[in-house]
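Below: the structure, in structure tokens.
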Amino acid sequence: MNVLLKLGLTSQDLLQNRSYAGTLTNSDHRLVKSTFKFEKGKLWHTKKNTPKTPKINLANLTSSKVCLDQYKTGLNERLITIEQDNNNSTVSDSWTNVQQAIKESAKASAGVNTCNKQKRTANDTISELSNRQKDLRLQIQNTDNEERKIKLRNERNRVLHTIRKTILEQRNEELEKKVQKINEANSDNAMFKAVKLLNQKHYENPSVEDSSGKLVINPNQTLEIVADFKEKFQNKDLASIASFQGIPRKLNKPFTSEEVRKSLESLKNNRAPGGDEISGELLKYGTPLLHKSIANILNRVFEEHETININSGELIAIPKPGKPKGPPKNLRPITLLNTIRKALSIITLHRIRPNIEEYLSHSQSGFRPERSTSDVAWTHKWLAAKAKKEDVEIKITGIDMSAAFDTIDRQILLDIIERIVEEDELRIIRFLKRYSH
């Protein structure tokens, strides 16, 4: 049967377990016979191996100046060819050609990763020593010469000692790298960086229960269940928000190459790309000609009222920490957006920030420059100390809004923003919000 047994079975699922020694095959393992009971669909079919798109080797691009120069040179050559050959192309075709130029230039200069799977043991020495100690263990079990057994045990002990020492050195080296990253972080987010690095865990494919209570492991089926669950909380009036209003017209303040450059430079490295498979590094380390091309394309979107594929994304589900597996509500759905949409959002944020800052209350700390939620925690501690010192009673109410982002009425939000921002920014926000579900 082409099935796998769920690794997370509990002791209640085990009916009988017995090991047998004295097998005829030389091995350092014993034969184990186990009997399980299966409930709630704890068997699933193995996923078929489908070929994956090779990923750009971004490490070469960010660490090698020669590689970076080759990428910029190749990108400029391709963009110049696009400008010469596609003067009458549509906005969508122009953006598709720019995307293709970015990918081809990156592959030609940085290359692709030959292997997507990463071994948990990065040190080849540990792997060799581990195989050596297993071989010595088999020799010890299959020899009757006591003198030879002693020599083999001593040699195996030395190998095990070397393994432990090498693992310790490797862990210390990884810890030193984390400490260095924490020290390089600025004072505002040093604590956040430290907690994130020290609590970093390997991603596990989530599992949810379907309507019949069976456990689903297949990633595609899991995302379908999570998407359906998330859809229940979505605002149903999203479809009434049009991407564009009025007749096609130019922006009063068109996008500039400088705006695009600043937005791309603010992108962080090592972030997962969206459906276009263009990582932030490929745009961040681009050329002025790329900035000009992106600015022209974005201006044409609003001048011609022709949308481009920047609002699509890939949905992934991450298990919430400390929550049991099974219910969809215990998974956190995250949408991986296209990088160009992030850049457009950053440009919009920089444009509207002066007006929005005048509208926001001084008590709001989240999502503001040089402010963070740690300010709220400090204020809470200060009020508690003040109340204790002055012997007064202060009532503080804490509100945790469930699924706030998913349930907000975006039309009401647009009506409020319309009174704060300029016409251009409202058009851009409407374009972004139309497909933000």
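The values are calculated or read from the model by the stated rules, or taken from the named source; none is laboratory data. Quick caveat, the model's predicted, so the values are computed rather than measured. Glycine also receives a Cβ, built like all others from the backbone with ideal geometry; neighbour counts cover every protein chain displayed. Heavy atoms of the whole protein, side chains included, go into the accessibility calculation; ligands, DNA and RNA do not. Shrake-Rupley method; radii C 1.70, N 1.55, O 1.52, S 1.80 Å.
Values computed for the structure shown
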read-out: Top-ranked residue in the stretch 353-368 [being in a helix (DSSP H, G or I) and surrounded by 10 or more Cβ atoms within 10 Å (Cβ to Cβ); ranked as nearest to the chain's Cα centre (by Cα)]; value: ARG353
read-out: Meets criteria (within 18 Å of ASN311 (Cβ to Cβ) and at pLDDT 90 or above) for SER257; value: no
read-out: Among the residues listed as ARG371, ARG332, the single one being in a loop (DSSP other than H, G, I, E, B) and surrounded by 11 or more Cβ atoms within 10 Å (Cβ to Cβ); value: ARG371
read-out: Out of GLU357, GLU370, GLU423, GLU418, sole residue that is touching a helix residue (DSSP H, G or I) at 6+ places or on another chain (Cβ under 8 Å) and among the acidic types (Asp, Glu); value: GLU418
read-out: Selection count, the stretch 335-352, where residues are open to solvent by 50 Å² or more (accessible area, probe 1.4 Å) and either on the phi > 0 side of the Ramachandran plot or hydroxyl-bearing (Ser, Thr, Tyr) (or both); value: 1
read-out: Lone unmet requirement of (1) touching a helix residue (DSSP H, G or I) at 6+ places or on another chain (Cβ under 8 Å); (2) modelled with pLDDT under 90; (3) not acidic (Asp, Glu) for TRP378; value: (1)
read-out: Output for the stretch 239-271, where each listed residue is open to solvent by less than 80 Å² (accessible area, probe 1.4 Å), in contact (Cβ under 8 Å) with a residue 60 or more places away in the chain, in a helix (DSSP H, G or I) and not charged (D, E, K, R); value: VAL260, SER263, LEU264
read-out: Tally of residues being over 30 Å from the mean Cα position of the chain (by Cα) and part of a loop (DSSP other than H, G, I, E, B) across the stretch 407-424; value: 4
read-out: Cβ pairs under 6 Å, 6+ apart, first in the stretch 62-76 and modelled with pLDDT of 90 or more, second part of a helix (DSSP H, G or I) and open to solvent by 70 Å² or more (accessible area, probe 1.4 Å); value: GLY74/ALA108
read-out: Filtered residues of the stretch 272-310 (kept if open to solvent by 20 Å² or more (accessible area, probe 1.4 Å) and within 30 Å of ALA59 (Cβ to Cβ)); value: ALA272, PRO273, GLY275, GLU277, LYS284, TYR285, PRO288, LEU289, LYS292, ASN309
read-out: Residue in the stretch 317-328 that is touching a strand residue (DSSP E or B) at 6+ places or on another chain (Cβ under 8 Å), open to solvent by 30 Å² or more (accessible area, probe 1.4 Å) and without any contact (Cβ under 8 Å) to a residue 24 or more places away in the chain present; value: yes
read-out: Subset of the stretch 140-150 [exposed (fewer than 15 other Cβ atoms within 10 Å of the Cβ) and in a helix (DSSP H, G or I)]; value: GLN141, GLU146, GLU147, ARG148, LYS149, ILE150
read-out: Odd one out for LYS193, checked against (1) among the basic types (Lys, Arg); (2) at pLDDT 80 or above; (3) surrounded by 14 or more Cβ atoms within 10 Å (Cβ to Cβ); (4) under 26 Å from the mean Cα position of the chain (by Cα); value: (2)
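Conditions tested, residue by residue: (1) within 21 Å of ARG430 (Cβ to Cβ); (2) at pLDDT 85 or above; (3) of a type in the set (Gly, Ala, Ser).
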site	(1), (2), (3)
LYS323	no, no, no
GLY326	no, no, yes
ARG332	no, no, no
ARG341	yes, yes, no
GLU357	no, yes, no
SER365	no, no, yes
GLU370	no, no, no
LYS386	no, yes, no
LYS389	no, yes, no
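Each row is one residue, and each column tells you yes or no for (1) open to solvent by 80 Å² or more (accessible area, probe 1.4 Å); (2) at positive phi; (3) modelled with pLDDT under 90; (4) of a type in the set (A, V, I, L, M, F, W, C).
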| residue | (1), (2), (3), (4) |
| --- | --- |
| LEU79 | no, no, no, yes |
| ASP85 | yes, no, yes, no |
| ILE102 | no, no, no, yes |
| SER105 | no, no, no, no |
| ASN113 | no, no, yes, no |
| ASP124 | yes, no, yes, no |
| GLN133 | no, no, no, no |
